[in-house]
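Bear in mind these aren't lab numbers, they're just calculated from the coordinates by the rules spelled out. Keep in mind the model is a prediction, meaning the values are calculated, not measured. Cβ: placed from backbone, ideal geometry, glycine included. Neighbour counts: every protein chain shown.
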Amino acid sequence: MKQTLFWILVLLFLYSCENSSSNSKSISPSLVVFSTNSDSTLHYYNMGWHQIMDLGDYSAAEISYREALEFDEDFLVGKSVLARLTTDHDERMQLYDELENKKSIIKGDERLILDVYIALTKYTNLRDQKSDDTEKALDDAFQMGFKNFGQIAHKYPDEIYLKSEYIEVVHSLHGAQAALDTLINLTDDTQKLNPFVLGYRAIMTAETGDYDEALQFALRLSTLLEGQEVARPDAILADIYFKMENYTEAKIHADKAHDIDPRNLDASRLKEKIDAKLE
């Protein structure tokens, strides 16, 4: 009798452990938990990503990241995004040094993200200095991004902006078709309608030569953001028309995107290329 009771207790214990493990998996976070106690910091940090990725509004995003740091000046991930965004070279150099000196306090998945952003800041600084090490720094940042963002994208299903950055890295390293395959496999039906994902899908589809489908994605984006004075839809259309070698139409959209936000990097770089073609 005692032996029977013992085995019943053992089985109950094992069931309890298995059930506990199953529950812990089911309640694992779907978003990265950042090391800040300020809800306001996270609010402005996430707003900044929405402004950059979905709307192409770099000017507004810089304001949001500065607001985030007003509530928590030690939020290093937020500071690293600001370092990538600021056009003030001296400020970026200062932020880079601070991030390098303090990064050891950040651990886990947050550190994976921070390390990539620091590497991208290093690349931007070297590019501004016209250093011979610029190309290597960019490749190093992309290789790190492929590894680190890949882990994050697969571990946290709701991290749409980090997924998006991972897709961008795949595109840079392995081309448009590989990035399209990654986008399709990694995003759910709702995420496929995210403005950044929709726009980037349009750009990559155009790169594969399917211009009709690319324009369909771009027009869906324009409809999605209709009524909002933002640069992204026109920047996407400018990119597609540029790939189609329709430089006149590309210029109309590039100029419009640039007028809406002169800080939009995609639009300003395209504008230079288009103007050179039309000279």
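Considering each residue of the stretch 184-223, count those that are closer than 21 Å to E159 by Cα and surrounded by fewer than 16 Cβ atoms within 10 Å (Cβ to Cβ), and give that number.
Result for the stretch 184-223: 7.
Kindly state which helices (runs of 4 or more DSSP H) lie completely within the stretch 192-263 and contain at least 3 residues that are within 19 Å of the chain's Cα centre (by Cα).
Those helices (runs of 4 or more DSSP H) span 195-207, 232-243.
Counting only residues that are surrounded by fewer than 22 Cβ atoms within 10 Å (Cβ to Cβ), among the hydrophobic types (A, V, I, L, M, F, W, C) and free of Cβ contacts under 8 Å to residues at least 40 places away in the same chain, how many does the stretch 46-59 have?
1
Do you know which of the residues in the stretch 28-42 that are in contact (Cβ under 8 Å) with a residue 12 or more places away in the chain and part of a helix (DSSP H, G or I) is nearest to I152 (Cα to Cα)?
Among them, the one singled out is L42.
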